[in-house]
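Working notes for the structure below.
Bear in mind that the values in this text are calculations on the coordinates, not laboratory data. Note that the coordinates shown come from a computational prediction; the quantities given were computed from them, not determined experimentally. We place every Cβ from the backbone using ideal geometry, glycine too, and count neighbours over all the protein chains shown.
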Amino acid sequence: MLTWLQRDSLAFPSLDKALREPNGLLAAGGDLSPERLVQAYRHGCFPWFQDGQPILWWSPDPRTVLLPSQLHVSRSLSKCLRQQRYSVTFDRAFDRVIQACAAPRDYTDGTWITTPMQTAYLELHRQGIAHSVEVWLGDELVGGLYGLAMGRLFFGESMFSRADNASKVGFVTLVSHLQRWGFVLIDCQMPTEHLHSFGAHAISRQAFADYLQNNLDQPSSADWRN
C-alpha cells in the first residue's frame, strides 16, 4: 500500500538537506518488486530512503538530466582518458559495484542503498534492466556505477571511486556508448556539482515526462556484452 504525501509535510533529520526540505516526495510504502520498480521509473519516480523508514518515492521538480550529446569533459580528465590507465567493462560485476556504492562514505553516516535495495536491483540486473559499469586498475575494481536502461533512456543510480578519476572515467565511457547506441537522455535525479561539471542541467518535471513518453518504448542498439 502506498501513502501519498504532501511535499512539505515531513522532515528527515537523519538525511541531507534534500530530505529535510523534500522536493518531489510523492509517496511512502509499497514494495521493491521488479514490477513496481519498473512502473515507478516509467512514471518518473524512484525510491530513496534509509533503514527504519518506509520506502519513499520521489519525482523531483526540476529534474537533473544529462544529454549524451552535451557531455563536457575537462582537460585534465581528457588527459587521464588518453593515458588509458584504467580499463572499463559493462555488466561484469554488478553485485560488487552495488555493494561498493552502498559502502559508507566520509560525508554521511548511513546509506540509502539498503540490503533490500541491493536485492531488488540485483533482480533487475538478472532481468536485463539494470546495468553496471566497472572501472579496473589491473585486476582491482577501483570505480563504477549502476543504473537502469529502458528504451532510449538511462536512469543513473549511484557511483563510487577508490582511485583518482576512476568513476569519472567510467561515466564518460558509459555516456560515449549511450550516445552511440541512440540514447537521448541520462536521468541524474538530483543536482550535484560533480554532475554539473559534466554538463548536467535541470529540466521541468513536465519536460522529463515528455522524454519518458517519447523514448521509453523506442528501441536502441545497446549491447552491454562488451
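Here the average projected area of the convex hull drawn through the C-alpha atoms of the range 32-80 stands at 6.2 nm².
Estimated from helical segments only, the mean residue ellipticity of the chain at 222 nm is -9000 deg cm²/dmol, where each DSSP H run of four or more residues counts as -39500 (n - 2.57). Annotation: extensible slack from Arg225 through Gln53 equals 58.2 nm (criterion: 0.36 nm per residue apart, minus Cα-Cα distance). The length gained on full extension between Gln99 and Thr119, counted as 0.36 nm times the residue separation minus their Cα-Cα distance, comes to 6.2 nm. Highest average first, the peptides 31-44, 173-186 ordered by how many other beta carbon atoms sit within 10 Å of their residues are 173-186, 31-44. Multiplying the residue separation of Met190 and Gln206 by 0.36 nm and removing their Cα-Cα distance gives an extension gain of 4.2 nm.
If only the Cβ of Lys and Arg carry +1 and only the Cβ of Asp and Glu carry -1, the dipole of the chain around its Cα centre is close to 640 debye. Using the Kirkwood radius over Cα pairs, work out the Stokes-Einstein diffusion coefficient for the chain at 25 °C and 0.890 mPa s, in µm²/s as a whole number. After rounding, the answer is 136 µm²/s.
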